[in-house]
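Novice: Here it is: the structure, laid out below.
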Amino acid sequence: MENVFDVLKERGLIAQTTHEDEIRELLANEKVTFYIGFDPTADSLHVGHFLQMIVMRHMQNYGHRPIALVGGGTGHIGDPSGRTDMRKMMTKETIDYNCERFKEQLSRVVDFSDGKAIMVNNADWLLDLNYVEFIRDIGSCFSVNQMLTAECFKQRLEKGLSFLEFNYMLMQSYDFLMLSRKYDCKMELGGDDQWSNILGGINLCRRKDQKQVYGMTFTLLTNSEGKKMGKTANGAVWLSAEKTSPYEFYQYWRNVDDCDVCKCLKLLTFIPMEQIREYEKLEGGELNKVKDILAYELTMLVHGEEEAKKAQETAKAIFSGQGDASNMPSETVTENQIGDGILILDLLTAVNMIPSKGEGRRLIQQGGISVDGEKITEINHIITKESFKDNQIVVKKGKKSFLKIEIK
């Protein structure tokens, strides 16, 4: 029988393992309970989390049981991994609300029915800890010298690492110990930036319970230049439709570079490898149909088939003049904002279509802004109420970004 470890490895998902041979054998011979942690730093998961959700589903498809651990406790501190500054402190109410939103989004990919996966909140054991007892019992198992060599701390030492954040590794390690005891959890999985924290948990389980547990990290989602994917000019690509619309989500994946499309298919979809290998033979314009497949598959997984079809139809309407354009991203302005006329740069800034007026000037000078099909050539171009036919205009930025602006 096929081993999920080999599936993950073939698709390029595995970055590091603590005991590769033992893990492969364990996954072949047992139904393993494993966990991945999600700290509630926002009210939505984003594309970086989505890769972890895909791994959970691969593991689940082969009979293993995921624990989705939400950080109702660790969220009060914030993980310093991959950060150059301290995370913003959140209230308990905000943390609890964000945790609730996560289960809804995770459930789109991971099956929580009939105990096939479980969601656990580390607030259940972290918030009522006695600090002195915790430091005596758990802190004594950690060497400060070793902790300071961890990548997650090294990059913060120059700018300043608070003692609050320094506790984070202990708490994440304690999570693994608690899950091992409560649910016989044998593996922790996470992004490659979690390597040091995972090692801390493995060491703690060995020292406190003489139990061997394992760790595995995933490839971080980066493009061919090594830069993190999942960011746009407007910020992160979220899994929430309120924060990133299904159409914007679709278009993000439709616009990936040619050299990244097949990599994304391997990492983020369940399309068989034989099929992806055929796609890897294609070049140039032939890859556009592969990008359509990538965008549709990911939008369907995150937002459902209906929204994926709508996004696809909208893309066709905009780029080939076919289909229904009613789902195009839109923003609203008031008659007062337009007044007797508004500079195009002021309008585009108001609807967040450009990050700055300087960027807007550059785009206009390069012929990169059009309104209702007419290229804007003057930086001081004025948009009036009369410009809005049927109370709307469609602005095109560059080759691929469209926005419908409605006047109310």
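Derivation of every value follows stated rules applied to the coordinates shown; laboratory data play no part. Remember, predicted model here, so these are calculated numbers, not experimental data. Note that we place each Cβ from the backbone using ideal geometry, even for glycine, and neighbour counts take in every protein chain shown.
Novice: Which whole-number percent is the relative contact order of the chain (Cα, under 8 Å, 6+ apart)?
Specialist: Values: 611 pairs, mean separation 59.5, N = 408.
Computed value for the chain: 15 percent relative contact order.
Novice: If we count other beta carbons within 10 Å of each Cβ, what is the order of CYS259, CYS205, fewest first?
Specialist: Working: CYS259 11, CYS205 23.
Least crowded to most crowded, the residues run CYS259, CYS205.
Novice: Take each of the peptides 95-108, 264-277, 43-56, average the number of other beta-carbon atoms within 10 Å over its residues, and list them starting from the highest.
Specialist: Values: 95-108: 17.4, 264-277: 15.9, 43-56: 21.6.
The most tightly packed comes first, giving 43-56, 95-108, 264-277.
Novice: Continuing with this model, one more query. Rounded to the nearest angstrom and ordered from largest down, what semi-axes does the equivalent ellipsoid of the chain get from its C-alpha gyration tensor (root of 5λ)?
Specialist: Values: eigenvalues 380, 135, 68 Å².
That gives 44, 26, 18 Å for the three semi-axes.
Novice: If you build the convex hull over the alpha carbons only and average its shadow over all orientations, what do you get for segment 231-320? Give it in nm² to one decimal.
Specialist: Working: hull surface 23.7 nm².
Averaged projected area of segment 231-320's Cα convex hull equals 5.9 nm².
Novice: Let me ask something else about it. Treat each spin label as a single point 7 Å out from the Cα along the C-beta direction, and report the GLU30 to GLU280 distance in nm.
Specialist: Distance between the two pseudo-spin positions: 3.3 nm.
Novice: Taking the Cβ-Cβ separation of GLU406 and ASP346 as r and a Förster radius of 25 Å, what is the calculated FRET efficiency to the nearest 0.05? Display every interim value, and only then the final one.
Specialist: Details: r = 17 Å, r/R0 = 0.68.
The pair GLU406/ASP346 has a calculated efficiency of 0.90.
Novice: In terms of modelled amide H atoms, which long-range or inter-chain residues lie less than 5 Å from the amide H of THR33?
Specialist: ARG65, LYS186
Novice: Enumerate the calculated ³J(HN,Hα) couplings along segment 214-220 in order (Karplus 6.51 cos²θ - 1.76 cosθ + 1.60, θ = phi - 60°), each rounded to whole Hz, writing x wherever the residue is Gly or Pro.
Specialist: 9, x, 8, 10, 9, 4, 6
Novice: Could you give the angle, 0 to 90 degrees to the nearest 10, between helix 168-183's Cα long axis and the longest principal axis of the Cα atoms of the chain?
Specialist: 70
Novice: Step through the table entries LYS92/LYS266; LYS116/LYS208; LYS9/LYS316; LYS227/LYS404; LYS92/LYS211, compare each Cα-Cα distance with 32 Å, and write down the pairs that go over it.
Specialist: Working: LYS92/LYS266 38 Å; LYS116/LYS208 29 Å; LYS9/LYS316 36 Å; LYS227/LYS404 30 Å; LYS92/LYS211 34 Å.
Beyond 32 Å between Cα atoms: LYS92/LYS266; LYS9/LYS316; LYS92/LYS211.
Novice: Check which residues have an amide H placed less than 5 Å from THR244's amide H, if you skip close sequence neighbours.
Specialist: TRP238
Novice: For a quick protection proxy, order the peptides 63-73, 22-32, 346-356 by their average other-Cβ count within 10 Å, most packed first. Intermediate values should be presented prior to the final figure.
Specialist: Numbers: 63-73: 22.0, 22-32: 15.0, 346-356: 17.6.
Per-residue mean Cβ counts within 10 Å order the peptides as 63-73, 346-356, 22-32.
Novice: In deg cm²/dmol, rounded to 500, what helix-only [θ] at 222 nm does the chain give when every DSSP H run of at least 4 residues adds -39500 (n - 2.57) and the total is split over its residues? Display every interim value, and only then the final one.
Specialist: Details: 19 runs with 185 residues, N = 408.
Calculated mean residue ellipticity at 222 nm is -13000 deg cm²/dmol.
Novice: For PHE38, enumerate residues with amide H under 5 Å from its amide H, sequence gap 5+ or separate chain, H modeled in the peptide plane.
Specialist: Under 5 Å from the amide H of PHE38: LEU69, VAL70, GLY71.
Novice: Still on this structure, I have one more. Label GLU10 and THR332 with points 7 Å out from Cα along Cα→Cβ: what is the distance between them in nm?
Specialist: 5.1
Novice: Could you list the trypsin sites (Lys or Arg not before Pro) in segment 186-239 that lie in coil according to DSSP, counting only those with at most 16 other Cβ atoms within 10 Å of their Cβ? Let's see the in-between values first.
Specialist: On the way: sites: LYS186, ARG206, ARG207, LYS208, LYS211, LYS227, LYS228, LYS231; in loops: LYS186, LYS211, LYS227.
In loop regions of segment 186-239 (DSSP not H, G, I, E or B), the sparsely surrounded trypsin sites (Lys or Arg not before Pro) are LYS211, LYS227.
Novice: Just TYR250, TYR35, TYR183 to compare: in a GNM of the chain, with alpha carbon springs under 10 Å, which one fluctuates most?
Specialist: Among TYR250, TYR35, TYR183, the largest mean-square fluctuation in the Gaussian network model of the chain belongs to TYR183.
Novice: Here is a further query. Report the calculated FRET efficiency for VAL132 and TYR183 (r = Cβ-Cβ distance, R0 = 30 Å), to the nearest 0.05. Write out the running numbers ahead of the final one.
Specialist: Values: r = 27 Å, r/R0 = 0.92.
Efficiency, rounded to the nearest 0.05: 0.65.
Novice: Additional query: On a 0 to 90 degree scale, rounded to 10, what angle separates helix 305-320 from the longest Cα axis of the chain?
Specialist: Roughly 40 degrees, rounded to the nearest 10.
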